[in-house]
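Notes follow the structure.
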Amino acid sequence: MRKFLIAAMLALATPALAAEHVVTISGSEYSPTRITAKVGDTVRFVNEDAVDHAVFIPTLGHAIDLGSTKSGASTVLPLRRAGRIEVECVQHGHMGLLIVVTQ
Ligand SMILES: [Cu+2]
């Protein structure tokens, strides 16, 4: 019984596996343009275009500039806190993505 209880407690203490959300960049658009995620997840931006694109986040409290993602390359954004995060491409002002991060 005691062994069972310890095993059950360990199972409960194991955090849920973090998810990786994939956002493709194609035709100078992020796809999808809105995702929901949990703290601890990551977002992988995959640039399928022939030109470079940036991943820039101006949102207060989440601001980060991941710089340019080359054609054919990818960039990973870790989601460290909850909030509504707006992602922009510096080179293409019309590109936009909203990431809603919950606990
Ligand atoms: Cu761009």
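Structure notes:
- Boolean, Ala18 is over 15 Å from Val100 (Cβ atoms), surrounded by 13 or more Cβ atoms within 10 Å (Cβ to Cβ) and at pLDDT below 95: yes
- All positions within the stretch 58-75 that are within 14 Å of the ligand (Cβ to nearest atom) and touching a Leu at 6+ places or on another chain (Cβ under 9 Å): Leu66, Thr75
- For the stretch 45-69, filtering for residues that are within 11 Å of Ile25 (Cβ to Cβ) and in contact with a strand residue (DSSP E or B) (Cβ under 9 Å, 6 or more places away or on another chain) leaves 10.
- Taking the listed residues Val43, Val51, the one that is more than 10 Å from the ligand (Cβ to nearest atom) and either in contact with a His (Cβ under 7 Å, 6 or more places away or on another chain) or modelled with pLDDT of 95 or more (or both) is Val43, with no other qualifying.
- Selection of the stretch 76-90 for residues being within 12 Å of the ligand (Cβ to nearest atom) and assigned to a strand (DSSP E or B) yields Val87, Glu88.
- Of all residues in the stretch 64-103, those that are among the hydroxyl-bearing types (Ser, Thr, Tyr) and more than 24 Å from Leu17 (Cα to Cα) total 3.
- Residue satisfying all of: in the stretch 91-103; part of a loop (DSSP other than H, G, I, E, B) and surrounded by 14 or more Cβ atoms within 10 Å (Cβ to Cβ); farthest from the ligand (Cβ to nearest atom) among these: Met95
The values are calculated or read from the model by the stated rules, or taken from the named source; none is laboratory data. Keep in mind it's a predicted model, so treat the numbers as computed, not measured. No Cβ is skipped: glycine too gets one built from the backbone with ideal geometry, and neighbour counts run over all protein chains shown.
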